[in-house]
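The values are calculated or read from the model by the stated rules, or taken from the named source; none is laboratory data. What you see is a predicted model, and the numbers here were worked out from it, not measured in a lab. Here Cβ is always computed from backbone atoms with ideal geometry, including for glycine, and neighbour counts include all displayed protein chains. In case anyone asks, the SASA skips ligands and DNA or RNA and just uses the protein heavy atoms, side chains included. Shrake-Rupley method; radii C 1.70, N 1.55, O 1.52, S 1.80 Å.
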Amino acid sequence: KFQALLDDMEEEDLEAEEAMAFLSVAGEDHTGRAVILITAKNLKNARTEADQDRILLYFMKVMEPFRCRPFVLVYAQSAVTEENAPDMTLVQNIFDLFTARYKENMQQLYILHASLMFRMYIWIALPFVSTPFWSNYVCVEDLLKLNDYMDVKSLLLSDVVTEHDRSVGGRFAM
C-alpha cells in the first residue's frame, strides 16, 4: 500500500492536508535531530479511506527527507476528546507507516498529553506492534517534562499544544 502511495506522491495536490496543520517539522532537539510534531486533534476530519490515504500521502511527502537522517517524533494528543479524536485506524496506519519506512532513523517517540484512552490503546496494542518502534517511546505529561528532552522554547508548536498545556495546569512558560 505504501509503495502505491509513494508513486502518487508527486502527482497529488496536498494543499488541503497541509492546511490541516497536523504535521510539522517543529525544530531540533538537544542533539540536533529534527523534531517532527503530529498534532492529533487536527486529524479529526479524516474519516473516509480516501481521506486517510491522502493524509498518509502527505505524511510521506513530509517525511521522505528523514528516511536518511535521524529524527524524533512528538505525537501530541493535546485537546483530543471523543468528539474530535482521529480515527484509530488512521493512527494505526500512521504508526505502521513509521514502522515500515522511517523506523531506522526515528530515534525517539514522545507521546505528549496522552489521554487515558490513548494510553490504554497503546497498552493493548504493544504486543502486536514492532518492538524496536515502541522500545524508544516516552510518555510525557506536559511541556515542562518534554523540555527535559528538548528545548521546547525553540520549537514551533501548534497553538493547540500550547493552549492545552496551559489548560491542564502545565507549568512551562513559553
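Taking all protein chains as shown and a probe of 1.4 angstrom, Leu116 keeps an accessible surface of around 130 Å².
Annotation: amide H-H contacts under 5 Å for Tyr110 (H modelled 1.01 Å from N, sequence separation of 5 or more, or interchain): Leu73, Val74, Tyr75, Val138. When the Cα positions of Tyr137, Gln107, Gly170 are compared along the charge dipole of region 22-174, Gln107 comes out farthest toward the positive end, with charges on each C-beta of Lys, Arg, Asp and Glu. One decimal place: the segment Thr81-Lys103 gains 5.1 nm when fully extended, by the rule 0.36 nm per residue minus the C-alpha distance.
Assuming R0 = 30 Å, can you tell me the calculated FRET efficiency for the pair His30 and Ser167, based on Cβ-Cβ distance, to the nearest 0.05? Efficiency at R0 = 30 Å is approximately 0.65. Backbone phi angles across region 52-65, fed through the Karplus curve with coefficients 6.51, -1.76 and 1.60 (θ = phi - 60°), yield HN-Hα couplings of 5, 5, 5, 5, 4, 4, 5, 4, 5, 4, 6, 8, 3, x Hz in residue order; Gly and Pro are listed as x. Between Met88 and Leu116, the C-beta separation translates, for a Förster distance of 22 Å, into a calculated FRET efficiency of about 0.90. Total lysine pairs in the chain at Cα distances under 18 Å, for residues eight or more apart or on different chains: 4. On the chain, 51 percent of the accessible area sits on carbon and sulfur atoms, based on a 1.4 Å probe.
Accessible surface computed residue by residue for region 49-114, with neighbouring protein chains in place and a 1.4 Å probe, gives 38 Å² per residue. Which log10 I(q)/I(0) values does the chain give at q = 0.13 Å⁻¹ under the Debye formula, counting every alpha carbon as one identical point scatterer? Per q value, in the given order, log10 I(q)/I(0) is -0.62.
In this structure, the amide hydrogen of Ala26, modeled 1.01 Å from its nitrogen in the peptide plane, lies closer than 5 angstrom to those of Val35, Ile36, Leu37, counting only residues at least 5 positions away or on a different chain.
Rounded to the nearest Hz, the phi-derived 3J(HN,Hα) couplings of region 77-84 under the Karplus curve 6.51 cos²θ - 1.76 cosθ + 1.60 (θ = phi - 60°) are 8, 3, 6, 7, 10, 4, 6, 10, where x marks glycine and proline.
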